[in-house]
Amino acid sequence: MNSMEFYAYHGCYSEEQLIGNNFLVDISMEVDMYKAAKSDSLCDALNYADVYEIVKQEMSIRSFLLENVCSRILDGLFESFPQLLHATTSVTKLNPPIDGKMHSVTVSQQRSC
């Protein structure tokens, strides 16, 4: 799932906690698809809409560090989807408050079951 867009209040500086910023979230997942491939049923698959809702929920919780956001997203995914084998989550903050010209900063974390 690529470039999910959110406006959120993550950051160490008080201005970031008050004003907020634009973020992008990317998730790569390795899933046991055997049952879904045979049944052709969404009930047996990892539902992307449900993944999005987990990401949306975690992005709505203020954090000082993007590392914390990544970890919480992975926690939610592995708790919700038993067929999930491996996942990588990246959270990108656009226009970070750094003294210099920079498009974004990204933190990535991966986990296997």
Residues in segment 1-38 near a label at residue 67, defined as backbone nitrogen under 16 Å from the 7 Å Cα→Cβ point?
11-13
When you take every Cα atom in segment 4-112, what is the radius of gyration, and what is Dmax, the widest Cα pair distance, in Å?
15.6, 54
Compute the helix-to-body angle for 66-80: its Cα long axis versus the longest principal axis of the chain, expressed 0 to 90° and rounded to tens.
20
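Using only alpha carbon pairs under 8 Å that are at least six residues apart, calculate the relative contact order of the chain and give it in whole percent. List each step's numbers first, then the result.
On the way: 190 pairs, mean separation 32.6, N = 113.
Normalised by residue count, the contact order of the chain is 29 percent.
Taking only C-alpha pairs under 8 Å that are 6+ residues apart, what is the relative contact order of segment 1-53 in percent?
Values: 48 pairs, mean separation 15.7, N = 53.
Here the relative contact order equals 30 percent.
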Please give the helix 48-59 orientation as an angle from the longest Cα principal axis of the chain, in degrees from 0 to 90, rounded to the nearest 10.
30
Segment 4-112 - charge dipole about Cα centre, Lys and Arg +1 at Cβ, Asp and Glu -1, debye rounded to 20:
120
Where a Cα-Cα gap under 29 Å defines reach, which lysines qualify for residue 56, not counting those fewer than 8 residues away within the same chain?
35, 93, 101
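All of the numbers you see were taken from the coordinates with simple rules; none came from a lab. These numbers were taken from a predicted model, which means no experiment stands behind them. A quick note on method: Cβ atoms are made from the backbone with ideal geometry, for glycine too, and the neighbour counts reach across all protein chains shown.
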